[in-house]
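Below is one structure, written out as structure tokens; comments come after it.
Any read-out appearing in this document is the output of simple, stated calculations on the displayed coordinates, not a laboratory observation. These numbers were taken from a predicted model, which means no experiment stands behind them. FYI the Cβ positions are ideal-geometry reconstructions off the backbone, even for glycines, and counts take in every protein chain you see.
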Amino acid sequence: MRFPNDTAFHLRMAALVIGSLFLEHLARTRLSNWSSPQIGIVTFVLGLAWVALFAFHHGKAMQDRVRVLEDRIDRLTQRVDAGEDEQRARRALPPMRRTT
């Protein structure tokens, strides 16, 4: 499912990645004592778990929001249908009387 702000998010993340690559290169060439930090497997797995939990939470929240909006649409459709039926009944000709 695409979200309305996908493009802006991906552009920001791409800018951050490119910026971090540029800063890493500058730090390596300009700072003599600079060494990139080493990321261990546990830290990497915890980071991935954090991202996965955030994505799950965001997806669940969006699913709940869609469910609520679908319910609102159903109720509004029923109200509109009832209003149209009422309007049709008011505009209808009165029943014909039999004269015998």
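For this structure, a couple of remarks:
- Selection from the stretch 38-49 of residues that are assigned to a helix (DSSP H, G or I) and of a type outside the set (S, T, N, Q): I41, V42, F44, V45, L46, G47, L48, A49
- Scanning the stretch 10-21 for residues that are surrounded by 10 or more Cβ atoms within 10 Å (Cβ to Cβ) and either in contact (Cβ under 8 Å) with a residue 60 or more places away in the chain or touching a Lys or Arg at 6+ places or on another chain (Cβ under 8 Å) (or both) turns up nothing.
- Matching option when the condition is more than 18 Å from the chain's Cα centre (by Cα), small (G, A, S) and not in a loop (DSSP other than H, G, I, E, B), among A52, A89: A89
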